[in-house]
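Report on the following structure.
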Amino acid sequence: GRFFETLRNLGAHVNEVPFPDHHHFRPEDLASGALEWLVMTAKDAVKCHGFAPDNAWVLTVQARLSEPFEQHFLERLRACSGQLQPDISEESNHG
């Protein structure tokens with residue numbers, strides 16, 4: 001998956017041990033003395049808090065929007081914002 005691809009792009013030699021989404025981790029899931037490092041997502045790290053081994057690390061990622069996409073998104077948001085505001089005119093209050 002993308003997680004392992006990201007690690008490889010960062011120069012890591014990866015031994016993939018994927019778990020399904022929403023996996024309920026147990027200590028034995030992470031027990032492997034043969035691993036030098038155990039790298040997991042931030043979401044999985046929260047699930048493993050309290051029993052992750054000392055060699056466990058979290059890969060933190062940030063999403064960045066391209067400048068053109070961000071500008072387009074903000075323009076669309078501004079265009080919609082007038083439609084989202086409640087009508088507080090006198091007529092609407094007295095129905």
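Throughout, read-outs are computed from the coordinates displayed, never taken from laboratory work. For clarity, every value in this text was computed on a predicted model and none was experimentally measured. Using ideal geometry, Cβ is built from the backbone for each residue, glycine included, and neighbour counts are taken over all protein chains shown.
Each Lys or Arg adds one and each Asp or Glu subtracts one; over the other residues with Cβ under 14 Å from the Cβ of ASP21, this totals +2. In segment 1-30, which residues have a backbone nitrogen under 13 Å from the label point lying 7 Å from ALA56's Cα in the Cα-to-Cβ direction? What the label zone holds, given the 13 Å backbone N cut-off, is 24-30. Springs between Cα atoms under 10 Å define the GNM used for the chain, and in it the highest mean-square fluctuation of GLY11, GLY50, GLY82 occurs at GLY82. Near the amide H of VAL14, within less than 5 Å, lie no amide hydrogens of residues on another chain or at least 5 residues away, with H placed in the peptide plane.
Shape of the chain from the C-alpha gyration tensor: prolate (a/c of 1.5 or more and a/b above b/c, with a ≥ b ≥ c the square roots of its eigenvalues). Between LEU38 and ALA56, TRP57, the built amide H atoms are under 5 Å apart, and every one of these is 5 or more places off in sequence or on another chain. Quick one: among PHE19, PHE73, PHE51, which has the greatest mean-square fluctuation in a GNM of the chain with alpha-carbon springs under 10 angstrom? Largest GNM mean-square fluctuation: PHE73. For segment 1-85, the relative contact order comes to 21 percent (Cα pairs under 8 Å, sequence separation of at least 6). In a simple Cβ point-charge model (Lys, Arg +1; Asp, Glu -1; nothing else charged), the chain has a dipole of about 240 debye relative to its Cα centre.
Among LEU74, LEU30, LEU59, the residue with the largest mean-square fluctuation in a Gaussian network model of the chain, with springs joining Cα atoms closer than 10 Å, is LEU74.
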